[in-house]
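Data first, discussion second: the structure below is written as structure tokens.
The values are calculated or read from the model by the stated rules, or taken from the named source; none is laboratory data. What you are looking at is a predicted structure, and each value in this text was computed from that prediction instead of being measured. With ideal geometry, Cβ positions are generated from the backbone for all residues, glycine too; neighbour counts draw on all protein chains shown.
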Amino acid sequence: MSAAPSLPIRGVACDTVPVEERAVNLVDREWLVANGLGGYASGSVAGVPTRRFHGLLVAALAAPLGRVMMMNHLGEELRLPSGRVVSLGGYQRDDGTLEVGLAPVLRDFRLEAGLPVWTFELGEREGPWVVEKRLFLVHAQNTVHVGYRLVAGEGTLRLKLRPSVHFRPHEAPVTGPDAKDYSLHAACGRYEIVGPAGFPPLHLRLYGARAAFTVDDSPVHDVLYRIEASRGYDHRGRLWSPGFFRASLRGGEDITLVASTEDWATMDALSPDEAWQAERARRERLLARAAESAHTPTTRELVLAADAFLVTPSSRLEDAARAQAAGDEVRSVIAGYHWFTDWGRDTMISLEGLTLTTGRHEEAGYILRTFAKYVRDGLIPNLFPEGQCAGLYHTADATLWFFHALDRYVKATGDRLTLQQLLPVLRGIVEAHVAGTRFGIGVDPADGLLRQGAEGYQLTWMDAKVDGWVVTPRRGKAVEVNALWYNALRLLASWLREEDGEQAARPVEEAAARTRASFGERFWYAQGDHLYDVVDGPDGDDAALRPNQIFAVALTHPVLEEVRWRPVVEVVRRELVTPVGLRSLARSHPDYKARYDGDLRARDAAYHQGTVWSWLIGPFVDAWLRVHPGRTAEAAEFLSGFEPHLSEACIGSVSEVFDAESPYLARGCAAQAWGVAELLRVLAKTSRHERA
């Protein structure tokens with residue numbers, strides 16, 4: 001067996017930043033670790049919670065709970081032999097004061113194998129001492145380990161850890177909690193925080209020399225979550241703490257705090273060292289499995305980032321039982337952290353990058369078969385709401401992306417059995433679209449194009465809606481929906497031909513040919529040398545210059561005639577491409593918004609009106625290479641802006657969106673599945689061609 005690729009490291013050298021700037025610099029950068037269930041831990045590098053989603057343990061629990069904030073914060077203090085006390089974290093008070101003591105002592109922050117490591121240097125006449133802190137979640141458990149090690153320096157330091165909690169759904173307001181709803185139970189080194197009815201208890205155990213716990217229940221007042229404030233949400237709250245742990249930190253010995261919602265037997269099954277070694281080995285296997293694609297430090301890093309989005313949904317227990325009875329597994333994709341659940345569209349777009357590029361073919365099959373079971377009226381779910389088992393189906397394109405994902409899967413794996421199992425589902429999908437299904441989705445018998453639209457619904461990927469206002473309704477015949485429809489028809493025809501013969505394929509092939517002819521007649525906007533975004537809408541044809549047209553060139557079966565590929569790709573390159581993705585609207589349009597910020601209404605007004613989307617760089621590179629075959633080095637230049645981004649925002653991951661103008665500030669979800677997936681996929685694609 002060949003050696004596994006080296007584990008990637010991405011770091012922030014804090015000691016290169018002036019001390020007076022360090023706190024703000026570190027508060028603005030985030031880290032994220034996930035557990036394969038949809039649960040996660042996340043925070044700022046400084047240890048200051050700035051989002052309501054920042055916490056050391058957000059547990060993924062069965063419906064109706066969903067994801068729940070179980071341990072919000074951990075106060076950390078080190079007492080040096082001289083008696084001086086140094087804080088390693090903090091919070092931001094309501095008056096804006098940063099209660100954070102780490103700025104002078106944090107030497108660096110890094111991700112090792114995708115897991116966060118803090119290095120603190122505590123200088124004194126007797127010192128210096130260097131302390132490392134590591135955090136990880138046990139895979140497929142709602143259990144977090146926070147470990148500390150003295151890596152340099154003599155003598156004994158005394159570590160004090162104060163856990164603070166506010167049990168709540170992770171997206172719930174931060175106001176509260178009521179201290180009378182919480183209690184602490186202790187026995188034989190096991191500590192259990194019991195909160196409001198309906199929530200599981202939080203189990204705590206400290207491993208370390210001279211470990212002890214002091215009961216000192218008290219609230220932490222006036223915590224300010226400044227990102228929530230900037231986004232127009234409730235942003236002031238308090239936490240409750242039952243007391244604090246203490247332990248001695250000496251060279252060669254570790255201190256580890258373990259917090260979990262699992263039962264004690266599960267929690268205690270692995271010692272801290274065994275749990276760390278297991279997670280390290282798991283990540284090494286992920287890299288070994290992806291070795292063909294992950295041959296650069298950045299692609300290896302993205303392979304580990306991709307792991308955060310692949311989940312076994314913890315809330316849909318009945319679906320899991322049915323799948324397991326048939327020898328299968330339920331799998332899905334979290335669309336983005338922190339607030340997205342699993343979405344059909346995001347899952348199908350991300351599938352190739354998250355699973356096939358990373359060598360996780362078996363899980364790709366699980367995902368496809370999982371979503372096939374959820375098809376209703378010819379549609380896969382748009383999303384599964386938090387803590388619910390039933391999906392919502394208001395989408396015109398997610399189901400068509402299902403065909404695309406299956407195509408990539410079959411080509412990568414040769415799994416004809418799954419294809420054969422899903423063919424009846426695929427035929428039913430096409431029949432439902434031809435006959436007409438929910439939300440006005442159906443084929444126009446006059447021209448064979450697919451139309452969609454229902455009052456009050458956002459059905460394409462440009463789906464912003466706030467207070468009943470659908471910002472970009474795009475009702476009518478949308479360009480990418482018809483590109484996907486044609487691609488789906490051509491794929492189905494080829495599969496039917498291979499499995500059932502020419503006669504079975506012919507009607508589908510004829511429908512595809514009609515769609516393509518009508519597309520060429522209806523979508524070409526000669527005045528702009530590009531494609532209409534929507535035709536036959538309530539207000540006529542929409543010639544807005546948007547990135548959606550790129551799919552008419554980028555998909556396996558391009559619906560656009562070849563003679564028009566080059567002008568479309570060129571106008572998108574010239575007007576929409578940025579260093580971190582594609583603008584969602586050209587700057588010349590009167591609705592263009594340069595910044596994505598403010599409250600929810602302001603953000604949604606800009607969400608698809610200029611805001612840059614990271615994931616769109618993938619299909620753009622596909623289309624560009626179709627027009628310029630073999631020019632992979634030039635194609636790779638379109639990806640160069642992402643390298644510095646991986647050290648910003650959520651370190652080691654890719655943000656959902658960016659402002660439309662320089663400096664292209666990262667916005668939206670801190671870590672987005674299709675942003676990671678598409679960047680990884682096209683990085684592997686361009687570097688593979690170069691190596692060949």
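Listed conditions (1) surrounded by 14 or more Cβ atoms within 10 Å (Cβ to Cβ); (2) over 16 Å from Val68 (Cβ atoms); (3) not hydrophobic (A, V, I, L, M, F, W, C) are all met by Glu171, apart from (2). Step by step: first the residues of the range 418-436, then only those that are touching a residue at least 60 places away in the same chain (Cβ under 8 Å) and under 30 Å from Glu363 (Cα atoms), then the one that is surrounded by the fewest Cβ atoms within 10 Å (Cβ to Cβ). Which residue is that? Restricting to residues being touching a residue at least 60 places away in the same chain (Cβ under 8 Å) and under 30 Å from Glu363 (Cα atoms), the top hit is Gln420.
If the condition is being under 22 Å from Asp328 (Cβ atoms) and of a type in the set (D, E, K, R), then the range 358-411 contributes Arg360, Glu362, Glu363, Arg369, Lys373, Arg376, Asp407, Arg408, Lys411. Residues that are of a type in the set (Phe, Trp, Tyr) and not in a helix (DSSP H, G or I) were ranked within the range 597-623; the one that is nearest to the chain's Cα centre (by Cα) is Trp613.
Looking at Val508, Val434, which one is of a type in the set (Val, Ile, Thr) and touching a strand residue (DSSP E or B) at 6+ places or on another chain (Cβ under 9 Å)? Residue meeting the stated conditions: Val434. All conditions but one from (1) farther than 24 Å from Lys160 by Cα; (2) modelled with pLDDT under 95; (3) surrounded by 21 or more Cβ atoms within 10 Å (Cβ to Cβ); (4) not charged (D, E, K, R) apply to Ala34; the one that does not is (2). Picking from residues in the range 629-661 that are without any contact (Cβ under 8 Å) to a residue 40 or more places away in the chain and assigned to a loop (DSSP other than H, G, I, E, B), the one that is surrounded by the most Cβ atoms within 10 Å (Cβ to Cβ) is Arg631. List pairs: first in the range 31-53 and assigned by TED's automatic domain parsing to the domain that holds Ala229 and among the β-branched types (Val, Ile, Thr), second at pLDDT below 95 and assigned to a loop (DSSP other than H, G, I, E, B), Cβ under 6 Å, 6+ apart or cross-chain? Short answer, once both residue conditions are applied: Val45/Arg29; Thr50/Tyr225.
Restricting to the range 179-220, name every residue that is within 32 Å of the chain's Cα centre (by Cα) and without any contact (Cβ under 8 Å) to a residue 40 or more places away in the chain. Result: Glu192, Val194, Gly195, Pro196, Ala197.
In the range 598-619, the qualifying residues are those that are aromatic (Phe, Trp, Tyr) and over 17 Å from Pro473 (Cβ atoms), and the one that is surrounded by the fewest Cβ atoms within 10 Å (Cβ to Cβ) is Trp615. Kindly indicate whether Glu562 is charged (D, E, K, R), surrounded by fewer than 21 Cβ atoms within 10 Å (Cβ to Cβ) and either under 16 Å from Glu661 (Cβ atoms) or in contact (Cβ under 8 Å) with a residue 12 or more places away in the chain (or both). It is false that Glu562 is charged (D, E, K, R), surrounded by fewer than 21 Cβ atoms within 10 Å (Cβ to Cβ) and either under 16 Å from Glu661 (Cβ atoms) or in contact (Cβ under 8 Å) with a residue 12 or more places away in the chain (or both). Of the residues that sit in the range 296-330 and are of a type in the set (D, E, K, R) and at pLDDT 95 or above, which one is farthest from Leu680 (Cα to Cα)? Among those that are of a type in the set (D, E, K, R) and at pLDDT 95 or above, it is Asp307. If the condition is being closer than 24 Å to Ile334 by Cβ and either polar (S, T, N, Q) or free of Cβ contacts under 8 Å to residues at least 40 places away in the same chain (or both), then the range 255-308 contributes Ser260, Thr261, Thr266, Ala281, Ser293, Thr298, Thr299. The residues of the range 464-507 that are of a type in the set (Phe, Trp, Tyr) and modelled with pLDDT of 95 or more, listed by number, are Trp485, Tyr486, Trp495. The single residue among Leu115, Leu80 that is in the same structural domain as Phe167 (by TED's automatic domain parsing), modelled with pLDDT of 90 or more, more than 26 Å from the chain's Cα centre (by Cα) and farther than 22 Å from Val220 by Cα turns out to be Leu80. Checking the range 285-295 against the condition returns a match, with at least one residue being acidic (Asp, Glu) and at pLDDT below 95.
Note on the range 220-278: among residues that are assigned to a strand (DSSP E or B) and polar (S, T, N, Q), the one that is surrounded by the most Cβ atoms within 10 Å (Cβ to Cβ) is Ser260. Could you tell me whether Glu480 is among the acidic types (Asp, Glu) and surrounded by fewer than 21 Cβ atoms within 10 Å (Cβ to Cβ)? Taking the combined requirement at face value, the residue does not satisfy it.
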